[in-house]
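To start, the structure itself, in structure tokens.
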Amino acid sequence: MELKQQKLLLVLILTLLFATATPDSEYVRPLPRKTLTTIPWDSISKAHSSYPQQVHISLAGDKHMRVTWITDDKHSPSYVEYGTLPGRYDSIAEGECTSYNYLLYSSGKIHHAVIGPLEDNTAYFYRCGGKGAEFELKTPPAQFPITFAVAGDLGQTGWTKSTLAHIDQCKYDVYLLPGDLSYADCMQHLWDNFGKLVEPFASTRPWMVTEGNHEEENILLLTDEFVSYNSRWKMPFEESGSTSNLYYSFEVAGVHVIMLGSYADYDVYSEQYRWLKEDLSKVDRKRTPWLLVLFHVPWYNSNKAHQGAGDDMMAAMEPLLYAASVDLVIAGHVHAYERSKRLYNGRLDPCGAVHITIGDGGNREGLAHKYINPQPKWSEFREASFGHGELKIVNSTHAFWSWHRNDDDEPVKADDIWITSLVSSRCVDQKTHELRSTLLTP
Ligand SMILES: [Fe+2]
């Protein structure tokens, strides 16, 4: 058998395996199967294939935005025209392009172009590669208030569509996604499907994502891990001094956000750990009073799904986050919602972080209904329902967090709480010396 035939056979076997795979045993399917089924290929967009598609935007350094899109045409140029009036583009940004192969799949031409400097809180109209539809985006505000939409483990099912529709209603400025995007799981056309599904939302507001286990897509030694994710969802890692797209940070409107990688090395000798210390040492709480951290695998989780899976990363990195007075830690992975009280090292602590698990965006694996009982003291609210979160940071001292079930109307809050910043509670001042000694320790 020739090499090409062998590869084809392997792909067929893998496709059959994935297509018939039973879900993770930790997840059950109590909901109508229809809503958990991946939306069929080609049902989302039949736009002309030579036109730019799968357009999405992300923050790319102060007053800049990265525009990403894909074309089937390998000769299509990588520039973005943009301006503040529809159809009138007085600026142009030249970008870069990439592509990748995955077994027998060859991606389209993936374009990334950074536009800016942009005015804050302003609508811009833009067009990719000189043809196709015009898109409109809004830049985030320079100052409070700012609203983040939050949901992890998004997938591409009927529940995903419901989550996206709710998020769209909440008028957010930036979307934060703590891992597990497309659930393509090695079937690369599902990445294209996902790109088309989210384009109406991700082309209008910046989507900031970090990787989950479903982005790894590593098949023995046949494929590069994270190749699809890194090629399609380039985040501002270079702008934040990181050497990997798997972890980075950004600042927006008085908030410093750190996106860590649960699937990059994180021990105290790792590059990610070194970068985290450096990044934390640059945080100025006068400029960014709020400090948020996101990653995929939760550290505090009273659901039976993925129990203890984040322990190693927590042992390595929680002391650093505590020393730096991180306000809020957001994770996904567990397909349910849970919010903690402030805690550190397993105990309630007024200077610790609030931990939120929100892996309930709508993926095909279903919900995680089994909980450890009794509910731990640190766990304030937990429920296995699909939904999304909204974090409105009102000023330097107060933020309003709410969680919304897909089964309710969007304005209905199933859980909500005012969170007071650690800056305002003097925890930051008390820890200044501890922070300095922790960060300066080799
Ligand atoms: Fe996951």
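Read-outs throughout are calculated quantities, based only on the coordinates presented, and are distinct from any laboratory measurement. Since this is a predicted model, take the numbers as computed values, not measurements. Neighbour counts are summed over all protein chains in view; Cβ atoms, including those assigned to glycine, are modelled from backbone coordinates with ideal geometry.
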Rounded to whole Å, sorted largest first: equivalent-ellipsoid semi-axes of the range 87-221, Cα gyration tensor: 27, 21, 13
P(r) tail fraction, the chain - alpha-carbon pairs more than 38 Å apart, %: 19
Selected from T160, T84, T147 as most flexible by GNM, with the chain as the system and alpha-carbon contacts under 10 Å: T84
Dipole magnitude of the range 53-138, debye to nearest 20 (Cβ charges: Lys/Arg +1, Asp/Glu -1, about Cα centre): 180
Low-density loop cleavage sites - trypsin sites (Lys or Arg not before Pro) in the range 158-196, where at most 15 other Cβ are within 10 Å (DSSP): K171
Cα gyration tensor category, rounded, prolate or oblate, for the range 236-334 with a/c compared to 1.5: prolate
Cross-link reach list, lysines versus K171, counting only Cα pairs under 16 Å and skipping chain neighbours closer than eight places: K138, K392, K413
Check: the range 99-221 dipole with +1 on Lys, Arg Cβ and -1 on Asp, Glu Cβ, in debye: 420
Sorted by Cβ neighbour density within 10 Å, fewest at the top, the residues F148, F201, F226: F201, F226, F148
Shape of the range 164-251, Cα gyration tensor, a/c cut at 1.5: oblate
GluC sites (Glu not before Pro), loop per DSSP, at most 12 other Cβ atoms within 10 Å - longest free stretch of the chain: 120-442
Reachable lysines from K370, criterion Cα separation under 22 angstrom, eight or more residues apart if same chain: K304, K341
Length added when fully stretched, Q143-E96, from 0.36 nm per residue minus Cα-Cα: 13.8 nm
Selection from Y105, H56, Y82 lying farthest towards where the dipole of the range 53-138 points positive, charges on Cβ: Y105
The range 301-442: relative contact order as a whole-number percent, Cα under 8 Å and 6+ apart: 22
Signed unit charges on C-beta, dipole axis of the range 53-138, positive-most listed residue M65, T122, G132: G132
Karplus-derived 3J(HN,Hα), 6.51/-1.76/1.60, for each residue of the range 166-174, Hz, glycine and proline x: 5, 4, 4, 6, 8, 6, 7, 9, 9
Within the chain: Cβ-based charge dipole about Cα centre, in debye rounded to nearest 20 (Lys, Arg +1; Asp, Glu -1): 520
Per-residue [θ]222 nm for the chain (sum of -39500 (n - 2.57) over DSSP H runs n ≥ 4, rounded to 500): -6500 deg cm²/dmol
In the range 351-442, trypsin sites (Lys or Arg not before Pro) in a DSSP loop with at most 16 other beta-carbon atoms within 10 Å: K370, K377, K413, R426
Vicinal HN-Hα couplings computed from phi for the range 330-343 (Karplus, 6.51 cos²θ - 1.76 cosθ + 1.60; Hz; Gly/Pro x): 10, 10, x, 6, 7, 7, 6, 10, 8, 10, 9, 6, 5, 7
